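Read through the structure below, which is laid out as C-alpha coordinates, and then see the notes.
The values are calculated or read from the model by the stated rules, or taken from the named source; none is laboratory data. Bear in mind that the values here come from a model prediction, so they are computed numbers and not experimental data. Virtual Cβ from ideal backbone geometry, glycine too; neighbours counted across all protein chains shown.
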Amino acid sequence: MIEAPIRVALVDDQALFRAGIRMLVESQPDLLFVGEAADGAEGARIAIEAAADVVLMDIRMPVLDGIAGTERIVTEAAARGIPGPRVLVLTTFDLDENAARAIRAGASGFVLKDAAAEFLLAAIRTVHAGNSVFSASATRDLITRFTPAPVAPQPPAAFAELTAREREMF
(Lines give C-alpha, C1' and ligand atoms only; values in the text may rest on other atoms or scores of the structure.)
Protein backbone atom coordinates (compact mmCIF):
# COMPACT_ATOMS: atom_id res chain seq x y z
CA MET A 1 0.00 0.00 0.00
CA ILE A 2 1.38 3.40 -0.99
CA GLU A 3 1.02 6.04 1.71
CA ALA A 4 -0.10 9.55 0.80
CA PRO A 5 2.68 12.13 1.01
CA ILE A 6 2.89 14.43 4.02
CA ARG A 7 1.30 17.74 3.02
CA VAL A 8 3.57 20.63 4.09
CA ALA A 9 2.78 24.36 4.19
CA LEU A 10 5.27 27.12 5.00
CA VAL A 11 4.65 30.47 6.69
CA ASP A 12 7.60 32.88 6.75
CA ASP A 13 8.00 36.53 5.80
CA GLN A 14 11.39 35.98 4.09
CA ALA A 15 10.85 35.10 0.41
CA LEU A 16 14.33 33.66 -0.07
CA PHE A 17 13.98 31.41 2.97
CA ARG A 18 10.59 30.21 1.70
CA ALA A 19 12.11 29.39 -1.70
CA GLY A 20 14.88 27.33 -0.09
CA ILE A 21 12.54 25.41 2.18
CA ARG A 22 10.11 24.81 -0.68
CA MET A 23 12.94 23.30 -2.79
CA LEU A 24 14.06 21.14 0.14
CA VAL A 25 10.53 19.83 0.77
CA GLU A 26 9.87 19.25 -2.94
CA SER A 27 13.07 17.18 -3.18
CA GLN A 28 11.53 14.53 -0.92
CA PRO A 29 9.29 11.84 -2.44
CA ASP A 30 7.23 11.47 0.76
CA LEU A 31 6.56 15.21 1.18
CA LEU A 32 4.20 17.42 -0.83
CA PHE A 33 4.51 21.21 -0.68
CA VAL A 34 0.92 22.57 -0.59
CA GLY A 35 1.32 26.31 -0.03
CA GLU A 36 3.14 29.23 1.49
CA ALA A 37 2.39 32.59 3.05
CA ALA A 38 4.30 35.62 4.31
CA ASP A 39 2.28 36.24 7.50
CA GLY A 40 0.45 34.25 10.14
CA ALA A 41 -3.06 35.28 9.07
CA GLU A 42 -2.61 34.16 5.47
CA GLY A 43 -0.67 31.13 6.68
CA ALA A 44 -3.51 29.96 8.92
CA ARG A 45 -5.95 30.29 6.01
CA ILE A 46 -3.68 28.34 3.65
CA ALA A 47 -2.93 25.65 6.24
CA ILE A 48 -6.62 24.89 6.72
CA GLU A 49 -7.72 25.28 3.08
CA ALA A 50 -4.83 23.19 1.72
CA ALA A 51 -5.42 20.53 4.40
CA ALA A 52 -1.76 20.67 5.40
CA ASP A 53 -0.49 17.90 7.65
CA VAL A 54 2.46 19.94 8.89
CA VAL A 55 2.92 23.71 8.90
CA LEU A 56 6.39 25.23 9.20
CA MET A 57 5.71 28.53 11.01
CA ASP A 58 8.09 31.43 11.59
CA ILE A 59 7.59 33.28 14.88
CA ARG A 60 8.35 36.88 13.95
CA MET A 61 6.22 38.11 11.04
CA PRO A 62 4.06 41.09 10.13
CA VAL A 63 0.25 41.17 10.35
CA LEU A 64 0.00 38.12 12.64
CA ASP A 65 3.02 36.49 14.27
CA GLY A 66 3.65 32.76 14.32
CA ILE A 67 2.37 32.25 17.86
CA ALA A 68 -0.99 33.86 17.04
CA GLY A 69 -0.99 32.10 13.65
CA THR A 70 -0.55 28.76 15.41
CA GLU A 71 -3.40 29.57 17.80
CA ARG A 72 -5.60 30.49 14.83
CA ILE A 73 -4.86 27.19 13.08
CA VAL A 74 -5.70 25.19 16.20
CA THR A 75 -8.88 27.19 16.85
CA GLU A 76 -10.07 27.08 13.23
CA ALA A 77 -9.50 23.33 12.92
CA ALA A 78 -11.41 22.73 16.16
CA ALA A 79 -14.28 24.98 15.01
CA ARG A 80 -14.53 22.97 11.79
CA GLY A 81 -14.30 19.68 13.64
CA ILE A 82 -11.26 18.59 11.64
CA PRO A 83 -7.86 17.40 12.78
CA GLY A 84 -5.62 20.41 12.45
CA PRO A 85 -2.15 20.35 11.01
CA ARG A 86 0.80 19.88 13.31
CA VAL A 87 2.79 23.12 13.62
CA LEU A 88 6.57 23.14 13.66
CA VAL A 89 7.81 26.58 14.69
CA LEU A 90 10.94 27.88 12.98
CA THR A 91 12.93 30.82 14.29
CA THR A 92 16.37 32.38 14.20
CA PHE A 93 16.07 33.24 17.88
CA ASP A 94 16.83 30.58 20.46
CA LEU A 95 14.63 32.02 23.20
CA ASP A 96 12.98 29.74 25.70
CA GLU A 97 10.05 32.15 26.14
CA ASN A 98 9.17 31.80 22.44
CA ALA A 99 9.42 28.03 22.70
CA ALA A 100 7.13 28.07 25.74
CA ARG A 101 4.65 30.38 23.99
CA ALA A 102 4.68 28.16 20.89
CA ILE A 103 3.94 25.09 22.99
CA ARG A 104 1.08 26.87 24.78
CA ALA A 105 -0.32 27.92 21.39
CA GLY A 106 -0.41 24.29 20.24
CA ALA A 107 2.87 23.86 18.38
CA SER A 108 4.32 20.37 18.12
CA GLY A 109 7.90 21.49 17.89
CA PHE A 110 10.45 24.27 17.90
CA VAL A 111 13.41 24.21 15.51
CA LEU A 112 16.04 26.84 14.82
CA LYS A 113 16.32 28.06 11.23
CA ASP A 114 19.99 27.20 11.13
CA ALA A 115 19.27 23.49 11.75
CA ALA A 116 20.68 21.02 9.23
CA ALA A 117 18.36 20.18 6.33
CA GLU A 118 18.28 16.54 7.42
CA PHE A 119 17.18 17.57 10.92
CA LEU A 120 14.35 19.73 9.56
CA LEU A 121 13.13 16.94 7.28
CA ALA A 122 13.25 14.46 10.16
CA ALA A 123 11.38 16.98 12.34
CA ILE A 124 8.60 17.27 9.74
CA ARG A 125 8.20 13.50 9.65
CA THR A 126 8.39 13.24 13.43
CA VAL A 127 5.67 15.79 14.18
CA HIS A 128 3.51 14.29 11.42
CA ALA A 129 3.79 10.96 13.25
CA GLY A 130 2.34 12.61 16.36
CA ASN A 131 5.51 13.31 18.29
CA SER A 132 7.21 16.55 19.31
CA VAL A 133 10.59 17.92 18.29
CA PHE A 134 12.58 20.64 20.01
CA SER A 135 16.01 21.98 19.17
CA ALA A 136 18.61 20.81 21.68
CA SER A 137 19.34 24.29 22.99
CA ALA A 138 15.63 25.11 23.32
CA THR A 139 15.10 21.86 25.22
CA ARG A 140 17.97 22.72 27.56
CA ASP A 141 16.54 26.18 28.18
CA LEU A 142 13.01 24.83 28.76
CA ILE A 143 14.26 22.23 31.23
CA THR A 144 16.27 24.86 33.08
CA ARG A 145 13.33 27.22 33.18
CA PHE A 146 10.60 24.79 34.18
CA THR A 147 12.48 22.38 36.43
CA PRO A 148 12.93 23.45 40.03
CA ALA A 149 16.47 23.57 41.32
CA PRO A 150 17.44 20.37 43.11
CA VAL A 151 17.30 20.50 46.87
CA ALA A 152 20.35 19.19 48.67
CA PRO A 153 19.45 16.15 50.78
CA GLN A 154 19.48 16.82 54.49
CA PRO A 155 21.11 14.35 56.84
CA PRO A 156 18.85 12.68 59.38
CA ALA A 157 18.57 14.44 62.75
CA ALA A 158 20.43 11.56 64.43
CA PHE A 159 23.50 12.44 62.33
CA ALA A 160 24.14 15.45 64.61
CA GLU A 161 24.54 13.10 67.59
CA LEU A 162 27.46 11.25 65.97
CA THR A 163 31.05 11.98 66.86
CA ALA A 164 33.35 13.48 64.20
CA ARG A 165 34.99 10.06 63.72
CA GLU A 166 31.59 8.37 63.28
CA ARG A 167 30.57 11.00 60.71
CA GLU A 168 33.72 10.33 58.65
CA MET A 169 32.63 6.71 58.24
CA PHE A 170 29.42 7.82 56.52
For region 13-60, what are the residues that are crowded, with 19+ Cβ neighbours inside 10 Å, among the small types (G, A, S) and in a helix (DSSP H, G or I)?
-> G40, G43, A44, A47
Please work out which residue is nearest to the chain's Cα centre (by Cα), limiting yourself to region 149-170 and to residues that are in a loop (DSSP other than H, G, I, E, B) and surrounded by 10 or more Cβ atoms within 10 Å (Cβ to Cβ).
-> P155
Only one of R104, R140, R145 that is surrounded by fewer than 18 Cβ atoms within 10 Å (Cβ to Cβ), within 15 Å of T70 (Cβ to Cβ), basic (K, R) and at pLDDT below 90 | R104
In the set N131, N98, the lone residue that is closer than 17 Å to R60 by Cα and without any contact (Cβ under 8 Å) to a residue 40 or more places away in the chain is N98
